[in-house]
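Down below is the structure, laid out as structure tokens.
The values are calculated or read from the model by the stated rules, or taken from the named source; none is laboratory data. This one's a predicted model, so the numbers in the text were calculated from it and none came from an experiment. Glycine also receives a Cβ, built like all others from the backbone with ideal geometry; neighbour counts cover every protein chain displayed.
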Amino acid sequence: MGRAYDPARETRARLLRLEQRAKARTEVAAIADGVAETVALSRARGAAIHREPAARGERDAAYRRQPGLEWLARKGRLTPPQAQAGERYGACYRRARVEAAIASTLETQPGGGLPAGPPLSALLEQVEGRRRAQEQLARYRARLMQQEDLIAACDRICGEELTPREAGGGEREAGRLEAVLKVALDILARG
């Protein structure tokens, strides 16, 4: 019927549970140390890392890399019109820079049959959207008077989403880059 009480077996089972808990705690600590090291290294390189509060039911908070424009806006270093102009420029830049997903015409299925790739209409729509974005990007750059420093600041911070420190490689260059970006965003916000 029931097993007889075996103190040695109970002791082994209890010790096994304790060992498993200790291993789990050690693993959690190792993961936390790894995350902390990664965050510290990213911050040392100039990345803006934001700690999101833990979601309901979760024990740990999540870390998220902040794009440079968002970081500047959150720090109060950009006005709302500047931030909006930077968002528009960045979205246009990223859309214009997307590599065309047309690897081969053999992957395209005219009429949308069982595709090995996307239908031709979707590819044409992507290409047309990219062309419009390139034209808009050219208009933005014309408004910046084709000034290389203004364009580079917008490309790196708004488009590539780097912080000024990441884009500039150091504090001194970051300050200069941030000042140039503000001028560029003021020009773009006026139009």
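So the values come out like this:
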| item | result |
| --- | --- |
| So Pro119, is it touching a Ser or Thr at 6+ places or on another chain (Cβ under 8 Å), in the same structural domain as Cys92 (by TED's automatic domain parsing) and surrounded by 15 or more Cβ atoms within 10 Å (Cβ to Cβ) | yes |
| Set Glu87, Glu58: member being of a type in the set (Asp, Glu), modelled with pLDDT under 90 and either over 30 Å from Ala179 (Cβ atoms) or not in a loop (DSSP other than H, G, I, E, B) (or both) | Glu58 |
| Residue check for Arg45: at pLDDT 90 or above and of a type in the set (D, E, K, R) | no |
| Any hit, the range 55-74, residues being surrounded by 12 or more Cβ atoms within 10 Å (Cβ to Cβ), in contact (Cβ under 8 Å) with a residue 40 or more places away in the chain and hydroxyl-bearing (Ser, Thr, Tyr) | no |
| Selection count, the range 75-98, where residues are surrounded by fewer than 14 Cβ atoms within 10 Å (Cβ to Cβ) and either touching a residue at least 60 places away in the same chain (Cβ under 8 Å) or over 30 Å from Asp33 (Cα atoms) (or both) | 4 |
| Odd one out for Leu106, checked against (1) modelled with pLDDT under 80; (2) in a helix (DSSP H, G or I); (3) in contact with a helix residue (DSSP H, G or I) (Cβ under 8 Å, 6 or more places away or on another chain) | (3) |
